[in-house]
Amino acid sequence: MNDIREILKHRILVLDGAMGTMIQRYKLEEADFRKGWFENHPKPLKGDNDLLVLTRPDIIKAIHREYLEAGADIIETNTFSGTTIAQADYGLEKYAYDINYHGAKIAREACDEFTQKDPSKPRFVAGSIGPTNVTLSISPNVNDPGYRSTTFDKMVVAYEEQVKGLIDGGSDVLLIETIFDTLNAKAALFAVQNVQEKMGTRLPIMISGTITDASGRTLSGQTAEAFLVSVEHADLLTVGLNCALGASTLRPYLQVLKKNAPFAISAHPNAGLPNEMGQYEETPELMAAQIKTYLDEGLVNIVGGCCGTTPAHIKAIADLVKNYQLVEK
């Protein structure tokens, strides 16, 4: 059985962890972000991690393999900022499709390798669709509340290009994640619908918002329940939360989703909160202990890690998940 929709009815699946945390370990230089593609590009590129699917695919595949070895069932593509809107900061808008196609292809190859080793545990590629670096709901100019740096229609076009690349590259699922502005997410959902209709595909869709602080709201002001109401019109595989908070502080908002959502629930929290140096110090053992409360309460169908998590964190979660049967809604 290789249909993720069917598998989710029978067991909890494990999502991978942070990509940025792992990339930092390689201590890459500017040349790594240019290799073979952008040697003569006029702007600095270091830090545009999505480019590594083009310039250092060996590193990205190695990271995917580490998470698969740790027990992840689902691997996210390294395409979080793979839109023309996000890539505009680097002057690389025209490479958006390439980033998504190659990002999905690398993850596909890694997943196929591990599925072939153990067909009883199929591995899946989640095409990562980030929120972009702009917001449709809030003005970036405090002196002009009505100003927007882009439009809904332009964002839809940007997302359509990303989605097409992710599907062409071999994604099994499309993951619209780290949503801080639900209007951005609606543009992504509309783009997914448009592209899937044109391509004749029906990839499942995961949606994951982010509660930005102790107020319990997204950046654009929605509570977890309001966020759910805003997206539940879509035919979703899962709805969930990720980033911004650690596992313990995310729990009450997952409880709200579990109580109200007609879909399966996902969560991939941070490894706690960052310290004053921006480092995440929560150990795999501590994070797994907090994730255990999710499982004891039957809150999640898919669980993994976000900022600061490593293969060690995912292994601790995967080892824990083995002891739990899925609690169906």
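The values are calculated or read from the model by the stated rules, or taken from the named source; none is laboratory data. Small disclaimer: the values here were computed from a predicted structure and weren't measured. FYI the Cβ positions are ideal-geometry reconstructions off the backbone, even for glycines, and counts take in every protein chain you see.
Of note:
- All of (1) more than 26 Å from I12 (Cβ to Cβ); (2) surrounded by fewer than 17 Cβ atoms within 10 Å (Cβ to Cβ); (3) touching a Phe, Trp or Tyr at 6+ places or on another chain (Cβ under 9 Å) hold for L219 with one exception: (2).
- Test: I99 is modelled with pLDDT of 95 or more and among the β-branched types (V, I, T): yes
- Applying the criterion of being aliphatic (A, V, I, L, M) and assigned to a loop (DSSP other than H, G, I, E, B) to the residues of segment 115-154, the residue that is nearest to L219 (Cα to Cα) is I138.
- Extreme residue, farthest from L320 (Cα to Cα), among residues of segment 2-32 that are touching a Phe, Trp or Tyr at 6+ places or on another chain (Cβ under 9 Å) and part of a helix (DSSP H, G or I): D32
- Across segment 272-312, the qualifying residues are those that are over 30 Å from P262 (Cβ atoms) and touching a residue at least 40 places away in the same chain (Cβ under 8 Å), and the one among them that is surrounded by the fewest Cβ atoms within 10 Å (Cβ to Cβ) is A312.
- Test result for D48, among the acidic types (D, E), in contact (Cβ under 8 Å) with a residue 24 or more places away in the chain, touching a Ser or Thr at 6+ places or on another chain (Cβ under 8 Å) and closer than 19 Å to N133 by Cα: yes
- Against the numbered list (1) polar (S, T, N, Q); (2) closer than 17 Å to L245 by Cβ; (3) without any contact (Cβ under 8 Å) to a residue 60 or more places away in the chain, N323 comes up short only at (2).
- Any hit, segment 246-260, residues being modelled with pLDDT under 95, buried (at least 21 other Cβ atoms within 10 Å of the Cβ), part of a strand (DSSP E or B) and in contact with a strand residue (DSSP E or B) (Cβ under 6 Å, 6 or more places away or on another chain): yes
- Members of segment 67-109 that are over 17 Å from the mean Cα position of the chain (by Cα), in a helix (DSSP H, G or I) and under 14 Å from R123 (Cα atoms): E69, A70, E109
- Residue check, D112 free of Cβ contacts under 8 Å to residues at least 12 places away in the same chain and part of a helix (DSSP H, G or I): yes
- Answer residue from segment 196-213, given it is farther than 15 Å from V256 by Cα and in a loop (DSSP other than H, G, I, E, B) and is modelled with the lowest pLDDT among those: D213
- Within segment 60-89, restricting attention to residues that are touching a residue at least 12 places away in the same chain (Cβ under 8 Å) and surrounded by fewer than 20 Cβ atoms within 10 Å (Cβ to Cβ), the residue that is nearest to Y159 (Cα to Cα) is D89.
- Matching residues, segment 20-45, being in contact (Cβ under 8 Å) with a residue 24 or more places away in the chain and exposed (fewer than 11 other Cβ atoms within 10 Å of the Cβ): P42, K43
- Residue under evaluation G165, criteria (1) assigned to a loop (DSSP other than H, G, I, E, B); (2) in contact with a helix residue (DSSP H, G or I) (Cβ under 6 Å, 6 or more places away or on another chain), criterion not met: (1)
- Some residue of segment 171-178 being under 19 Å from L54 (Cβ atoms), within 23 Å of the chain's Cα centre (by Cα) and assigned to a helix (DSSP H, G or I): no
- Matching residues, segment 170-181, being buried (at least 24 other Cβ atoms within 10 Å of the Cβ) and either among the β-branched types (V, I, T) or farther than 19 Å from G17 by Cβ (or both): L174, I176, I179
- Residues of segment 199-216 satisfying the condition of being buried (at least 22 other Cβ atoms within 10 Å of the Cβ) and touching a helix residue (DSSP H, G or I) at 6+ places or on another chain (Cβ under 8 Å): I205, I207, G209, I211
- Residue match in segment 131-142 (condition: modelled with pLDDT of 95 or more, of a type in the set (S, T, N, Q), buried (at least 21 other Cβ atoms within 10 Å of the Cβ) and closer than 25 Å to D73 by Cα): no
- Some residue of segment 268-290 being farther than 19 Å from A224 by Cα, touching a Leu at 6+ places or on another chain (Cβ under 6 Å) and at pLDDT 95 or above: yes
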